[in-house]
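Worksheet for the structure shown next.
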Amino acid sequence: MATGPLAVRWHDWTLGAVHAGAITTATVELENAGTVPWNREILLGYHWLDDRGNPLVWDGERTALPHLAPGERTEVQARVRGPIPPGRYGFAFDLVAELRAWFSELGGEELRTMVDVAPRDEPAHAELPSWVEPDVGWRERVDATHAEGYAVVSGAIEWKGGLVHPRPRALAPYTPGPGRIPGFPNALVCPSVVEGVELERLPDVAGLPAYAAPKEPWMYDGRIVLIAHPERR
(Lines give C-alpha, C1' and ligand atoms only; values in the text may rest on other atoms or scores of the structure.)
Protein backbone atom coordinates (compact mmCIF):
# COMPACT_ATOMS: atom_id res chain seq x y z
CA MET A 1 0.00 0.00 0.00
CA ALA A 2 1.27 3.45 -0.89
CA THR A 3 2.15 5.87 1.90
CA GLY A 4 2.58 9.61 1.82
CA PRO A 5 0.34 12.67 2.00
CA LEU A 6 -2.54 11.10 0.03
CA ALA A 7 -3.24 7.41 0.67
CA VAL A 8 -6.29 5.26 1.35
CA ARG A 9 -6.85 1.96 3.15
CA TRP A 10 -9.93 0.05 1.99
CA HIS A 11 -12.09 -1.91 4.42
CA ASP A 12 -15.47 -3.66 4.01
CA TRP A 13 -17.57 -2.89 0.97
CA THR A 14 -20.58 -4.16 -0.99
CA LEU A 15 -21.90 -3.42 -4.48
CA GLY A 16 -25.54 -3.86 -5.45
CA ALA A 17 -26.67 -5.66 -8.59
CA VAL A 18 -25.40 -3.76 -11.63
CA HIS A 19 -27.53 -3.22 -14.75
CA ALA A 20 -26.23 -1.54 -17.90
CA GLY A 21 -26.74 2.22 -17.84
CA ALA A 22 -28.63 2.17 -14.53
CA ILE A 23 -27.73 3.45 -11.08
CA THR A 24 -27.00 1.07 -8.22
CA THR A 25 -25.64 1.68 -4.72
CA ALA A 26 -22.39 0.60 -3.12
CA THR A 27 -21.44 0.77 0.54
CA VAL A 28 -17.75 1.45 1.09
CA GLU A 29 -15.73 1.72 4.30
CA LEU A 30 -12.39 3.43 3.89
CA GLU A 31 -9.66 5.05 5.95
CA ASN A 32 -7.37 8.02 5.53
CA ALA A 33 -4.02 6.22 5.48
CA GLY A 34 -2.08 9.35 4.50
CA THR A 35 -0.40 12.10 6.47
CA VAL A 36 -2.71 15.04 5.67
CA PRO A 37 -6.42 15.59 6.40
CA TRP A 38 -8.92 15.04 3.60
CA ASN A 39 -11.01 18.05 2.68
CA ARG A 40 -14.00 18.43 0.36
CA GLU A 41 -11.75 18.09 -2.70
CA ILE A 42 -11.13 14.39 -1.91
CA LEU A 43 -13.91 12.36 -3.54
CA LEU A 44 -14.74 8.69 -4.06
CA GLY A 45 -14.97 7.68 -7.72
CA TYR A 46 -14.66 4.56 -9.82
CA HIS A 47 -13.48 3.16 -13.15
CA TRP A 48 -14.89 0.47 -15.45
CA LEU A 49 -12.19 -1.64 -17.07
CA ASP A 50 -11.83 -4.29 -19.75
CA ASP A 51 -10.56 -7.79 -18.97
CA ARG A 52 -6.96 -6.57 -19.26
CA GLY A 53 -7.45 -3.69 -16.85
CA ASN A 54 -7.61 -0.99 -19.51
CA PRO A 55 -10.06 1.83 -18.68
CA LEU A 56 -13.36 1.92 -20.55
CA VAL A 57 -15.06 4.48 -18.30
CA TRP A 58 -12.44 6.36 -16.31
CA ASP A 59 -14.52 9.10 -14.70
CA GLY A 60 -17.38 7.44 -12.85
CA GLU A 61 -19.82 9.38 -10.69
CA ARG A 62 -18.31 11.09 -7.66
CA THR A 63 -19.35 10.63 -4.03
CA ALA A 64 -18.49 13.23 -1.41
CA LEU A 65 -16.53 12.18 1.67
CA PRO A 66 -16.52 13.76 5.11
CA HIS A 67 -13.43 15.55 6.37
CA LEU A 68 -11.11 12.82 7.69
CA ALA A 69 -7.93 13.25 9.70
CA PRO A 70 -5.11 10.74 9.19
CA GLY A 71 -6.12 7.40 10.72
CA GLU A 72 -9.86 8.15 10.70
CA ARG A 73 -12.30 6.01 8.73
CA THR A 74 -15.81 6.43 7.39
CA GLU A 75 -18.55 4.47 5.60
CA VAL A 76 -20.29 6.05 2.61
CA GLN A 77 -23.10 5.19 0.22
CA ALA A 78 -21.91 5.63 -3.37
CA ARG A 79 -23.89 5.92 -6.60
CA VAL A 80 -22.52 3.68 -9.33
CA ARG A 81 -23.80 3.73 -12.91
CA GLY A 82 -23.40 0.51 -14.86
CA PRO A 83 -21.46 0.61 -18.15
CA ILE A 84 -23.01 0.06 -21.58
CA PRO A 85 -23.50 -2.59 -22.96
CA PRO A 86 -24.08 -5.52 -20.58
CA GLY A 87 -21.17 -7.92 -20.10
CA ARG A 88 -18.34 -8.78 -17.75
CA TYR A 89 -16.19 -5.84 -16.66
CA GLY A 90 -13.43 -4.97 -14.29
CA PHE A 91 -14.49 -2.45 -11.66
CA ALA A 92 -12.27 -0.30 -9.47
CA PHE A 93 -13.04 2.17 -6.70
CA ASP A 94 -10.50 4.98 -6.50
CA LEU A 95 -10.17 8.31 -4.74
CA VAL A 96 -9.51 11.55 -6.56
CA ALA A 97 -8.06 14.83 -5.41
CA GLU A 98 -10.27 16.86 -7.72
CA LEU A 99 -8.40 18.75 -10.46
CA ARG A 100 -5.12 17.20 -9.26
CA ALA A 101 -4.82 13.40 -9.51
CA TRP A 102 -6.37 10.04 -8.80
CA PHE A 103 -4.82 8.29 -5.82
CA SER A 104 -3.95 5.32 -8.07
CA GLU A 105 -1.89 7.68 -10.24
CA LEU A 106 0.13 8.52 -7.13
CA GLY A 107 0.88 4.84 -6.47
CA GLY A 108 -2.16 4.08 -4.33
CA GLU A 109 -4.24 0.92 -4.51
CA GLU A 110 -7.59 0.70 -6.19
CA LEU A 111 -10.33 -1.51 -4.79
CA ARG A 112 -10.81 -3.91 -7.72
CA THR A 113 -13.18 -6.72 -8.61
CA MET A 114 -14.90 -8.28 -11.62
CA VAL A 115 -18.59 -7.52 -12.17
CA ASP A 116 -21.21 -9.14 -14.37
CA VAL A 117 -23.33 -6.29 -15.73
CA ALA A 118 -26.88 -7.42 -16.53
CA PRO A 119 -29.18 -5.95 -19.21
CA ARG A 120 -31.28 -2.99 -18.14
CA ASP A 121 -34.69 -4.30 -17.17
CA GLU A 122 -37.02 -1.52 -15.96
CA PRO A 123 -40.46 -1.36 -17.62
CA ALA A 124 -40.69 1.26 -20.37
CA HIS A 125 -43.52 3.16 -22.03
CA ALA A 126 -44.00 5.57 -24.96
CA GLU A 127 -46.60 8.34 -25.25
CA LEU A 128 -48.07 7.73 -28.71
CA PRO A 129 -50.93 9.84 -30.07
CA SER A 130 -53.88 7.84 -31.39
CA TRP A 131 -52.85 8.63 -34.98
CA VAL A 132 -49.33 7.25 -34.58
CA GLU A 133 -48.49 3.55 -34.67
CA PRO A 134 -45.27 1.54 -34.39
CA ASP A 135 -43.72 0.19 -37.57
CA VAL A 136 -42.88 -3.50 -37.87
CA GLY A 137 -39.94 -4.25 -35.58
CA TRP A 138 -40.31 -1.05 -33.53
CA ARG A 139 -41.00 -2.86 -30.28
CA GLU A 140 -38.11 -5.30 -30.73
CA ARG A 141 -35.60 -2.55 -31.54
CA VAL A 142 -36.77 -0.37 -28.66
CA ASP A 143 -36.61 -3.22 -26.14
CA ALA A 144 -33.15 -4.27 -27.34
CA THR A 145 -31.84 -0.69 -27.04
CA HIS A 146 -33.23 -0.30 -23.53
CA ALA A 147 -31.62 -3.63 -22.57
CA GLU A 148 -28.24 -2.29 -23.77
CA GLY A 149 -28.53 0.34 -21.04
CA TYR A 150 -30.35 3.31 -22.57
CA ALA A 151 -33.10 4.84 -20.42
CA VAL A 152 -34.63 6.81 -23.29
CA VAL A 153 -34.97 5.56 -26.87
CA SER A 154 -36.23 7.66 -29.76
CA GLY A 155 -36.45 7.23 -33.51
CA ALA A 156 -37.74 8.43 -36.86
CA ILE A 157 -41.21 9.34 -38.13
CA GLU A 158 -42.66 7.99 -41.36
CA TRP A 159 -45.36 10.44 -42.48
CA LYS A 160 -48.37 8.97 -44.34
CA GLY A 161 -50.08 12.22 -45.26
CA GLY A 162 -49.84 12.07 -49.05
CA LEU A 163 -50.68 15.19 -51.05
CA VAL A 164 -53.48 16.21 -48.70
CA HIS A 165 -51.25 16.31 -45.62
CA PRO A 166 -47.66 16.73 -46.87
CA ARG A 167 -44.80 15.98 -44.53
CA PRO A 168 -44.09 19.04 -42.34
CA ARG A 169 -40.70 20.68 -42.67
CA ALA A 170 -40.25 20.35 -38.90
CA LEU A 171 -39.95 16.58 -39.38
CA ALA A 172 -36.97 16.83 -41.74
CA PRO A 173 -34.48 15.67 -39.07
CA TYR A 174 -36.69 12.66 -38.29
CA THR A 175 -36.56 10.99 -41.69
CA PRO A 176 -36.05 7.23 -41.33
CA GLY A 177 -32.37 6.44 -41.73
CA PRO A 178 -29.77 3.67 -41.61
CA GLY A 179 -28.82 3.73 -37.96
CA ARG A 180 -27.88 5.56 -34.80
CA ILE A 181 -27.02 9.25 -34.57
CA PRO A 182 -24.88 9.88 -31.46
CA GLY A 183 -25.65 13.22 -29.85
CA PHE A 184 -28.79 13.73 -32.00
CA PRO A 185 -29.22 17.53 -31.73
CA ASN A 186 -33.01 17.75 -32.04
CA ALA A 187 -35.87 17.07 -29.65
CA LEU A 188 -36.77 13.44 -28.99
CA VAL A 189 -40.22 12.74 -30.45
CA CYS A 190 -42.50 10.08 -28.93
CA PRO A 191 -39.59 8.46 -27.04
CA SER A 192 -39.79 5.24 -25.08
CA VAL A 193 -38.81 5.94 -21.47
CA VAL A 194 -37.98 3.54 -18.65
CA GLU A 195 -39.94 3.79 -15.43
CA GLY A 196 -38.68 6.42 -13.00
CA VAL A 197 -37.12 8.75 -15.59
CA GLU A 198 -38.75 12.17 -16.04
CA LEU A 199 -38.20 14.16 -19.24
CA GLU A 200 -38.43 17.89 -19.90
CA ARG A 201 -41.42 18.54 -22.18
CA LEU A 202 -40.76 20.78 -25.19
CA PRO A 203 -43.16 22.30 -27.74
CA ASP A 204 -44.70 19.66 -29.99
CA VAL A 205 -43.02 18.88 -33.30
CA ALA A 206 -45.68 18.65 -36.05
CA GLY A 207 -48.24 17.78 -33.39
CA LEU A 208 -46.08 15.07 -31.85
CA PRO A 209 -44.98 15.13 -28.18
CA ALA A 210 -41.34 16.21 -27.93
CA TYR A 211 -38.82 16.12 -25.09
CA ALA A 212 -35.31 17.33 -24.31
CA ALA A 213 -32.49 14.81 -24.15
CA PRO A 214 -32.07 13.67 -20.53
CA LYS A 215 -29.02 13.31 -18.33
CA GLU A 216 -29.67 9.57 -18.33
CA PRO A 217 -28.14 7.49 -21.16
CA TRP A 218 -30.29 7.90 -24.29
CA MET A 219 -30.23 6.88 -27.94
CA TYR A 220 -31.71 8.08 -31.24
CA ASP A 221 -31.89 5.45 -33.99
CA GLY A 222 -33.30 6.17 -37.45
CA ARG A 223 -34.21 2.49 -37.84
CA ILE A 224 -36.70 2.77 -34.98
CA VAL A 225 -39.71 4.06 -36.89
CA LEU A 226 -43.16 5.29 -35.92
CA ILE A 227 -45.80 5.78 -38.62
CA ALA A 228 -47.92 8.94 -38.47
CA HIS A 229 -51.38 9.07 -40.14
CA PRO A 230 -52.30 12.77 -39.98
CA GLU A 231 -55.70 12.18 -41.61
CA ARG A 232 -56.76 10.34 -38.42
CA ARG A 233 -56.28 13.37 -36.18
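The values are calculated or read from the model by the stated rules, or taken from the named source; none is laboratory data. Here the structure is a predicted model, which means the values were calculated and not measured. Methodologically, a virtual Cβ is constructed for each residue, glycine included, from the backbone with ideal geometry; neighbour enumeration extends over all protein chains shown. Protein only, heavy atoms only, side chains kept; ligands, DNA and RNA dropped before computing areas. Shrake-Rupley method; radii C 1.70, N 1.55, O 1.52, S 1.80 Å.
Does ALA156 qualify as being in contact (Cβ under 8 Å) with a residue 60 or more places away in the chain, crowded, with 17+ Cβ neighbours inside 10 Å, over 21 Å from ALA22 (Cβ atoms) and not β-branched (Val, Ile, Thr)?
Values: in contact (Cβ under 8 Å) with a residue 60 or more places away in the chain: yes; crowded, with 17+ Cβ neighbours inside 10 Å: yes; over 21 Å from ALA22 (Cβ atoms): yes; not β-branched (Val, Ile, Thr): yes.
Yes: the conditions hold for ALA156.
Determine, yes or no, whether VAL205 is at pLDDT below 95 and either of a type in the set (A, V, I, L, M) or at positive phi (or both).
Criteria not met by VAL205.
Would you mind stating whether ARG169 is within 28 Å of ARG40 (Cβ to Cβ), among the basic types (Lys, Arg) and surrounded by fewer than 19 Cβ atoms within 10 Å (Cβ to Cβ)?
In short, no.
Each row is one residue, and each column tells you yes or no for (1) touching a Gly at 6+ places or on another chain (Cβ under 7 Å); (2) at pLDDT 95 or above; (3) β-branched (Val, Ile, Thr).
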| site | (1), (2), (3) |
| --- | --- |
| VAL142 | no, yes, yes |
| ALA156 | yes, yes, no |
| LYS160 | no, yes, no |
| LEU171 | no, yes, no |
| TYR174 | no, yes, no |
| PRO178 | yes, no, no |
| PRO182 | no, no, no |
| ARG201 | no, yes, no |
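Provide a single number: the residues in the stretch 177-215 that are loosely packed, with under 14 Cβ neighbours inside 10 Å, within 15 Å of the chain's Cα centre (by Cα) and free of Cβ contacts under 8 Å to residues at least 60 places away in the same chain.
Summing the residues that are loosely packed, with under 14 Cβ neighbours inside 10 Å, within 15 Å of the chain's Cα centre (by Cα) and free of Cβ contacts under 8 Å to residues at least 60 places away in the same chain in the stretch 177-215 gives 4.
Under 6 Å between Cβ atoms, at least 6 apart or on separate chains: pull out the pairs that start in the stretch 41-60 with a residue that is within 19 Å of PRO85 (Cβ to Cβ) and touching a residue at least 60 places away in the same chain (Cβ under 8 Å) and end on any residue that is open to solvent by less than 90 Å² (accessible area, probe 1.4 Å) and in a loop (DSSP other than H, G, I, E, B).
HIS47/TRP58
Output the residue which, of all residues in the stretch 15-37 that are in a strand (DSSP E or B) and of a type in the set (A, V, I, L, M, F, W, C), is most open to solvent (accessible area, probe 1.4 Å). It would help to see each step written out before you state the result.
Let us first name the residues in the stretch 15-37 that are in a strand (DSSP E or B), namely 15, 19-20, 23-32.
Within this subset, residues satisfying the condition of being of a type in the set (A, V, I, L, M, F, W, C) are 15, 20, 23, 26, 28, 30.
Details: LEU15: 46, ALA20: 0, ILE23: 63, ALA26: 0, VAL28: 0, LEU30: 0 Å².
Looking at residues that are in a strand (DSSP E or B) and of a type in the set (A, V, I, L, M, F, W, C), I get ILE23.
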